[in-house]
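Reviewing the structure listed below.
The values are calculated or read from the model by the stated rules, or taken from the named source; none is laboratory data. Remember, it's a predicted structure, so these values are computed and weren't measured experimentally. Quick reminder, even Gly has a Cβ in these numbers, built from the backbone with ideal geometry, and neighbours come from all protein chains shown. Heavy atoms of the whole protein, side chains included, go into the accessibility calculation; ligands, DNA and RNA do not. Shrake-Rupley method; radii C 1.70, N 1.55, O 1.52, S 1.80 Å.
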Amino acid sequence: MTKQIPNILTLLNLLCGCIAVILAVNNSFVAAALFVFTGIFFDFFDGFAARKLNVQSALGLQLDSLADMVTSGLVPGIIMYKLLYMTVDAPELFNDWDTVIKFTGFKIAILPIIGLFVTLASAYRLAKFNLDEDQQSYFKGLPTPANTLLIISLPLILEFQNNDIINTIIVNKWFLIGFTLLSCYLLNSSIKLFALKFKNYGFRDNITRYIFIILSIVLMVVLKFAAIPVIIMIYIIMSILENLNSK
């Protein structure tokens, strides 16, 4: 039974992702975010449990990727689709034949489909990760959970920050298209990013990780959900600087 604990945690991640999909489709972004956060929590601890219990397996690796594909692949794609749809004037859209795909009793806007590129890029990134044996102490490209947090921060900022300037930027279709393309690039870039895995807890050996964690906590307290994009940017910059220092 002990060896199944990591797999159970992974399945809980998948369950949270499935519920988040349902909520996101129904525009319940805050509730979807809650289940995504919970799923990412299980995603972190399934690997931790596997290492501590020494029950790592090929099955667990594949199961983990399948769960991530839902929680950290499908959910952010749907959220980006929904955000892009918010920028579309539906009545005008549905009267314009070249901007909508029409089926009997069903219509779908073309522009918001761009948001689903995030899901495609996430699938490609996860497949590459499974085949890359070098990514043990670092990540190559932005991990899918981090990218999911980046995207899900947008509706949370709209909901809780109450800043007209930021809200205007987020609901701009060109910003969202650019954000989507940037997300797809970061997922599959060759940038080496440090992993939050501690071989030991000494400050000198983990100075970058400790500084990053402290900065993240401070920024979350000060900026709330608006801190998430800033934290991701700091994560990338600190990783680049660490790579330069190691050469």
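Taking every protein chain into account, the 1.4 Å probe leaves C16 with about 10 Å² of accessible area, to the nearest ten. Between N188 and Q56, the contour length at 0.36 nm per residue exceeds the alpha carbon distance by 45.0 nm.
Between L241 and F175, what is 0.36 nm times their sequence separation minus the Cα-Cα distance? Round to one decimal in nm. Write out the running numbers ahead of the final one.
Details: separation 66, 0.36 × 66 = 23.76 nm, distance 2.75 nm.
Contour length minus the Cα-Cα distance gives 21.0 nm.
Membrane-span-like helices in the chain, defined here as complete DSSP H runs extending at least 20 Å along the helix axis by their C-alpha atoms with mean Kyte-Doolittle hydropathy no lower than 0.5, are 5-25, 29-53, 117-131, 144-160, 173-187, 207-223, 227-246; this is a sequence and geometry rule, not a statement about a membrane.
If a spin label sat at a point 7 angstrom from the Cα of L223 along the line to its beta carbon, the backbone N atoms of region 162-179 nearer than 20 Å would be those of 162-172, 175-179. By the compact-protein rule of thumb, 2.2 N^0.38 Å, the alpha-carbon radius of gyration of region 124-205 corresponds to a ratio of 1.39. In this structure the amide hydrogen of F139, modeled in the peptide plane, comes within under 5 Å of the amide hydrogens of L193, F194, A195, none closer than 5 places in sequence on its chain. As a length-normalised measure over Cα pairs under 8 Å and 6 or more apart, the relative contact order of the chain settles at 19 percent. Per-atom-type breakdown for the chain gives carbon and sulfur 68% of the accessible area (1.4 Å probe, protein chains only). Calculated accessible area for the chain comes out at 56 Å² per residue, all protein chains present (probe 1.4 Å; ligands, DNA, RNA ignored).
On full extension of the chain, what length is gained from Q4 through D132, given 0.36 nm per residue of separation minus the C-alpha to C-alpha distance?
Values: separation 128, 0.36 × 128 = 46.08 nm, distance 2.48 nm.
Gain in length upon complete extension: 43.6 nm.
Separation of the alpha carbons by more than 28 angstrom is noted, of K3/K192; K52/K128; K197/K224; K3/K224, for K3/K192; K3/K224.
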